[in-house]
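Visitor: A single structure is presented below for examination.
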Amino acid sequence: MGGLDAFETWTDAERRRTQWERLSAKLPELRRTNEFYSAKLPPRASGLGDLPFTTKADLSEDQDAHPPFGTNLTYPIDRYVRLHQTSGTTGRPLRLLDTPESWEWWRECWQPIYRAAGVTAQDRIFFAFSFGPFVGFWSAFAGAERLGALCLTGGAMTTTERVAAIVAMEATVLMCTPTYALRLAEAAREEGIDLSRSALRVSIHAGEPGASIPATRERIEKELGVEAFDHTGATEVGAHGFSCSARDGVHINEAAFIAEVLDTTTGEARDDGEGELVLTNLGRWGMPVIRYRTGDRVTAVRGRCSCGRTLVKLAGGIAGRVDDMVTVRGVNVFPSAIEAIVRRFEGVGEYRIALARVREMDELRCTIEAPLDVAERVAGAIHRELGIRCTVDAVVPGTLPRFEMKAKRFSKTNV
Ligand SMILES: [Zn+2]
């Protein structure tokens, strides 16, 4: 996988010192010209712990009150060159602006991600992505150009057209959501094409935890003939994480982001442990986020990884949104834990999970495309491994709708 960058093997002291140097150097300017942060930041700060958290609600309310872009602007508006929006998974989309410098920072953030996956200038990278206002793989495309790879857009194509383009252009790397990787393999089979025999050798996935869920990753690797890597990022924060050869989690790029973990019960933020991921970006100074509560539930581990990096690792990737955790008869479960079981069974296609509140009791119901006996075995495994009862209904393959982008397989209802 080649050599590591100096920041990838920082000691704790080197990391803390460099991160604070980079952030504190910009605080005076933010206090002076950025209306949003000048109202938030204390007049003096001797460390990260002196700065307040930023929430998505803070940013949304600010944009509602000061349309269309809010007041988190460090520079006059004519300095900005790109607009992106959040995908709107939770609430109204946020608008994010970038300057030429911050867009360059995004491109730079992709270099360690590609390097960890062994992607080089010799590769042809296919982006199965719509290229709409959602930042998604826009920055990955720009980062791949910077790397010197051949970038192949898969925008405005049907799934069948994308399969044909991957084969015809001899793409070696695929970028898409985990769900869509499996959808591409399925569509290829219907056309009599076996993508595992194509030139594809690596895939990088974002938008869902799938590539860090062993059963999902193994299925992608088998069906596409690739080594699959996970990537984490957010429109309002940046492209921050990537999986390495250890394949047991996601490292955060700590040269470009400060990562903390917030214990939501005590309100205490630490360097590692279990809780909500809090990120500060170091390079998007035109519209920064400082101590931003991502809403992602993680377990952060420090120490040297088998890949040689000392960058903090989110064990098992991002388990889910803090809001997605459900409690069934006193047991806390993330939908990703159910996916980890469902995907292990041969012959399972698409699936859905529904949490229904029936007479003050939460009940979990799973619908899967599989034969009845497989559905029964899935229910048994969920009960055995997670300690919860889940009704599993079997439906005919092809019954459930397919997803193009981010999958929404989990729903909560009140009965
Ligand atoms: Zn590693």
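The values are calculated or read from the model by the stated rules, or taken from the named source; none is laboratory data. Model, not experiment: these values are computed from the prediction. Note that each Cβ is placed from the backbone with ideal geometry, even for glycine, and that neighbours are counted across all protein chains shown.
Visitor: In segment 292-304, is there at least one residue being within 16 Å of the ligand (Cβ to nearest atom), under 18 Å from Val250 (Cβ atoms), in contact (Cβ under 8 Å) with a residue 60 or more places away in the chain and not basic (Lys, Arg)?
Guide: no
Visitor: Moving on. Looking at segment 365-377, can you tell me whether even one residue there is in a loop (DSSP other than H, G, I, E, B), acidic (Asp, Glu) and either farther than 21 Å from Arg321 by Cβ or at pLDDT 90 or above (or both)?
Guide: No; the residues of segment 365-377 include none that is in a loop (DSSP other than H, G, I, E, B), acidic (Asp, Glu) and either farther than 21 Å from Arg321 by Cβ or at pLDDT 90 or above (or both).
Visitor: Could I ask something else about it? Being within 13 Å of the ligand (Cβ to nearest atom) and either at pLDDT below 95 or among the aliphatic types (A, V, I, L, M) (or both) is the filter here; which residues of segment 252-263 pass it?
Guide: Passing the criteria: only Ile252.
Visitor: Additional query: Exactly one of (1) without any contact (Cβ under 8 Å) to a residue 40 or more places away in the chain; (2) touching a Gly at 6+ places or on another chain (Cβ under 6 Å); (3) surrounded by 15 or more Cβ atoms within 10 Å (Cβ to Cβ) is unmet by Ala121. Its number?
Guide: The failed condition is (3).
Visitor: When you look at Glu227, is it of a type in the set (D, E, K, R) and free of Cβ contacts under 8 Å to residues at least 40 places away in the same chain, yes or no?
Guide: no
Visitor: Which number in (1) aliphatic (A, V, I, L, M); (2) over 28 Å from the mean Cα position of the chain (by Cα); (3) surrounded by fewer than 21 Cβ atoms within 10 Å (Cβ to Cβ); (4) part of a helix (DSSP H, G or I) marks the one condition that Ala394 misses?
Guide: Unmet for Ala394, out of (1) aliphatic (A, V, I, L, M); (2) over 28 Å from the mean Cα position of the chain (by Cα); (3) surrounded by fewer than 21 Cβ atoms within 10 Å (Cβ to Cβ); (4) part of a helix (DSSP H, G or I): (4).
Visitor: Further question: Kindly provide the set of residues from segment 219-240 that are in contact with a Lys or Arg (Cβ under 9 Å, 6 or more places away or on another chain) and either over 18 Å from Gly295 (Cα atoms) or within 16 Å of the ligand (Cβ to nearest atom) (or both), ordered by number.
Guide: Residues satisfying the conditions are Arg219, Glu223, Gly225, Val226, Glu227, Ala228, Phe229, Asp230.
Visitor: I'm trying to understand the selection: among the residues of segment 72-82, which are loosely packed, with under 15 Cβ neighbours inside 10 Å and either closer than 12 Å to Arg95 by Cα or of a type outside the set (D, E, K, R) (or both)?
Guide: Listed by number, the residues that qualify are Pro76, Ile77, Val81.
Visitor: Please give the number of the condition Gly308 fails out of (1) within 16 Å of the ligand (Cβ to nearest atom); (2) closer than 30 Å to Leu372 by Cα.
Guide: All conditions pass for Gly308, except number (2).
Visitor: Moving to a separate point now. Which of the residues that make up segment 34-47 are crowded, with 16+ Cβ neighbours inside 10 Å and either touching a Phe, Trp or Tyr at 6+ places or on another chain (Cβ under 7 Å) or among the basic types (Lys, Arg) (or both)?
Guide: Lys40, the sole residue that qualifies.
Visitor: Here's something else I'd like to know. Given (1) surrounded by 16 or more Cβ atoms within 10 Å (Cβ to Cβ); (2) among the charged types (D, E, K, R); (3) under 26 Å from the mean Cα position of the chain (by Cα), where does Glu61 come up short, assuming only one miss?
Guide: (1)
Visitor: Which residue out of Ala187, Ala181, Ala199 is closer than 19 Å to Ala140 by Cα and in contact (Cβ under 8 Å) with a residue 24 or more places away in the chain?
Guide: After ruling out the rest, the residue left standing is Ala181.
Visitor: Can you give me the number of residues within segment 88-118 that are assigned to a loop (DSSP other than H, G, I, E, B) and touching a Lys or Arg at 6+ places or on another chain (Cβ under 6 Å)?
Guide: Residues meeting the conditions: 1.
Visitor: Continuing with this model, one more query. Within segment 324-332, does at least one residue satisfy the condition of being within 16 Å of the ligand (Cβ to nearest atom) and over 16 Å from the mean Cα position of the chain (by Cα)?
Guide: Within segment 324-332, none of the residues are within 16 Å of the ligand (Cβ to nearest atom) and over 16 Å from the mean Cα position of the chain (by Cα).
Visitor: Another one. Out of the residues in segment 241-251 meeting the condition of being part of a loop (DSSP other than H, G, I, E, B) and surrounded by 21 or more Cβ atoms within 10 Å (Cβ to Cβ), tell me which one is nearest to the ligand (Cβ to nearest atom).
Guide: Cys244
Visitor: Look at Gly225 and say whether it is surrounded by 18 or more Cβ atoms within 10 Å (Cβ to Cβ) and at positive phi.
Guide: no
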